[in-house]
Amino acid sequence: MNITIIGTGYVGLVTGTCLADLGNSVCCLDVDAAKIATLNSGGVPIHEPGLRELIQSNVEAGRLRFTTDVAAAVAFGDIQFIAVGTPPDEDGSADLQYVLAAARGIGRHMTGFKVVVDKSTVPVGTAAKVGAAIQGELDARGVAGSAAFSVVSNPEFLKEGAAIDDFMRPDRIVLGVDASPAGQQALALMRQLYAPFNRNHERTRVMDVKSAEFTKYAANAMLATRISFMNELANLADEVGADIELVRQGIGSDPRIGYSFLYAGTGYGGSCFPKDVQALARTAQEYGQKLHVLEAVEAVNQQQKQVIVNKILARYGQNLSGHTFALWGLAFKPNTDDMRDAPSRVVVQALVRAGASVVAHDPVAAAEAQRVLKLDFADAPALLGRITFAEKPMDALRGADALVIMTEWKAYRSPNFTAMKAAMRAPVIFDGRNLYEPERMAAEGFDYAGIGRNTKGAAKA
């Protein structure tokens with residue numbers, strides 16, 4: 001099949017590349033000429049394991065191409081995926097300007113029947129807005145009778161760092177279609193497109209459009225809720241002397257609960273959970289409702305990003321002048337360079353503004369971190385001089401008063417603790433991801449504080 005992907009971010013680029021790898025012909029469109037130039041020269045604008053190689057093989061096979069030509073891209077695909085960004089607006093609602101701009105572009109150039117797929121995460125009711133935008137352009141051209149279309153909701157469920165595997169081995173494919181003849185025609189084409197994923201067993205869940213749109217937000221809201229719930233329990237565990245890791249195992253073994261998304265830490269970040277929780281709460285407000293649980297989930301998450309900071313200040317005091325902190329991990333999660341809403345940004349800002357110096361390491365996110373930290377310190381650019389970046393994890397430790405762990409990269413899981421102690425000014429670790437066992441750290445001679453691990457040693461003066 002001929003497929004057009006509008007938008008070459010995480011979702012669009014992974015979706016287009018994976019569909020090409022299944023044998024489809026895919027044209028990826030983006031209005032960012034620099035991004036398209038990067039892709040056409042063999043580069044990849046995002047970090048996603050395995051993506052560069054998959055893009056290269058499909059470009060060489062002639063199944064994948066990149067363009068800024070809207071007319072050509074719209075003409076190419078029978079199915080048009082809209083996979084552009086939906087950043088949070090000032091009031092927390094999803095900003096649909098890029099989605100609707102893509103829809104208008106389709107309407108300006110389409111001929112014949114098109115399936116228009118909302119792949120971006122969008123609020124309930126967006127498909128109707130996309131349809132109206134396309135119809136408006138068709139009416140303006142006077143070709144409404146000869147250019148039919150149907151808007152389908154097909155939300156993505158990709159985890160950054162594991163997006164290719166998630167796409168190629170989906171646990172469900174959600175399709176929201178309407179009951180009209182055009183909607184059923186669109187459904188038939190979408191079933192044909194996704195047929196390779198259903199050979200072992202049926203993974204497709206067909207529903208009405210609004211329910212499909214709601215499903216994506218509901219899924220992310222549920223996962224975010226689990227994270228915030230465990231973080232609150234972890235903070236209480238610190239007070240009562242319980243170990244949240246043992247609690248996690250105890251409740252996770254209940255099949256009604258399971259183990260996923262029960263790890264305590266420094267809060268969630270990234271491109272999905274923060275904005276999707278806010279957008280769903282905003283949708284409720286528009287309908288005169290208040291989602292009390294979700295508002296609490298967001299509030300807990302913001303507070304959780306301060307937990308490590310509070311532990312550090314409890315030990316060293318409010319003025320951190322003269323102290324140097326090594327920081328392992330900048331990205332909001334492993335296997336990505338995504339710094340959007342990363343908890344590390346909160347911690348770095350707090351430490352530096354309190355007078356400390358920070359030497360940070362991240363396997364892939366250092367460049368992106370430097371870019372976003374310039375924005376975070378726009379009011380005090382001179383403070384950026386207190387932030388340096390190390391090539392290797394051990395380099396960050398030299399002369400450090402303490403190590404702060406913010407991302408659970410595999411490279412940090414089994415370090416040489418003897419070498420670490422020798423490099424550091426003091427053997428103190430604030431572990432925001434609970435990578436290490438408290439008993440092991442005590443035996444190694446470290447003053448160690450995790451999240452909810454019944455370890456208050458590093459919080460003592």
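The values are calculated or read from the model by the stated rules, or taken from the named source; none is laboratory data. Fair warning: this is a prediction, and the values are worked out from it, not measured in the lab. Every residue, glycine as well, gets a Cβ built from its backbone with ideal geometry; the counts of neighbours run over all protein chains shown. Just so you know, the surface numbers come from the protein's heavy atoms only, side chains and all, with ligands and any DNA or RNA stripped out. Shrake-Rupley method; radii C 1.70, N 1.55, O 1.52, S 1.80 Å.
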Hits in the range 305-328 (condition: of a type in the set (Phe, Trp, Tyr) and in a strand (DSSP E or B)): Phe325, Trp328
If Lys456 satisfies all but one of (1) open to solvent by less than 20 Å² (accessible area, probe 1.4 Å); (2) at pLDDT below 95, what's the number of the condition it fails? (1)
Tally, over the range 411-437, of residues that are closer than 25 Å to Asp238 by Cα, open to solvent by 10 Å² or more (accessible area, probe 1.4 Å) and touching a residue at least 24 places away in the same chain (Cβ under 8 Å): 5
Looking for whichever is free of Cβ contacts under 8 Å to residues at least 12 places away in the same chain and either assigned to a loop (DSSP other than H, G, I, E, B) or open to solvent by 40 Å² or more (accessible area, probe 1.4 Å) (or both) here; the options are Ala367, Ala378, Ala331. Which one fits? Ala378
Return yes or no: is Pro196 more than 26 Å from the chain's Cα centre (by Cα) and surrounded by fewer than 18 Cβ atoms within 10 Å (Cβ to Cβ)? yes
Name the single residue that is most open to solvent (accessible area, probe 1.4 Å) among those in the range 1-45 being within 21 Å of Ala71 (Cβ to Cβ) and among the β-branched types (Val, Ile, Thr). Val31
Scan the range 311-326 and give yes if some residue there is in contact (Cβ under 8 Å) with a residue 60 or more places away in the chain, among the basic types (Lys, Arg), more than 25 Å from Ala411 (Cβ to Cβ) and open to solvent by 50 Å² or more (accessible area, probe 1.4 Å), otherwise no. yes
Pairs only if they're at least six apart or on different chains, beta carbon under 6 angstrom, first in the range 255-283 and free of Cβ contacts under 8 Å to residues at least 60 places away in the same chain, second among the acidic types (Asp, Glu); list them, first residue then second. Val277/Glu298
Unique match (being in a helix (DSSP H, G or I) and buried (at least 23 other Cβ atoms within 10 Å of the Cβ)) among Leu236, Leu280: Leu280
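Let me confirm something: among Glu90, Glu53, Glu48, which residue is open to solvent by 30 Å² or more (accessible area, probe 1.4 Å) and part of a loop (DSSP other than H, G, I, E, B)?
The match here is Glu90.
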Looking at (1) surrounded by fewer than 21 Cβ atoms within 10 Å (Cβ to Cβ); (2) within 26 Å of Ser146 (Cβ to Cβ), find the lone condition where Gln80 falls short. (1)
Criterion (at positive phi and surrounded by 15 or more Cβ atoms within 10 Å (Cβ to Cβ)) met by exactly one of Asp341, Asp401, Asp362: Asp341
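Only one of Gly23, Gly9, Gly62, Gly50 is in contact (Cβ under 8 Å) with a residue 40 or more places away in the chain and farther than 27 Å from Gly270 by Cβ; which?
Values: Gly9 fails: farther than 27 Å from Gly270 by Cβ; Gly62 fails: in contact (Cβ under 8 Å) with a residue 40 or more places away in the chain; Gly50 fails: farther than 27 Å from Gly270 by Cβ.
Exactly one of Gly23, Gly9, Gly62, Gly50 is in contact (Cβ under 8 Å) with a residue 40 or more places away in the chain and farther than 27 Å from Gly270 by Cβ, namely Gly23.
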Anything in the range 93-124 that is over 19 Å from Asn154 (Cβ atoms), touching a residue at least 24 places away in the same chain (Cβ under 8 Å) and either touching a Pro at 6+ places or on another chain (Cβ under 6 Å) or in a loop (DSSP other than H, G, I, E, B) (or both)? List them, or say none. Ser93, Thr111, Gly112
Being in contact with a His (Cβ under 9 Å, 6 or more places away or on another chain) and more than 21 Å from Glu239 (Cα to Cα) narrows it down to one residue among Glu408, Glu391, Glu444; which is it? Glu391
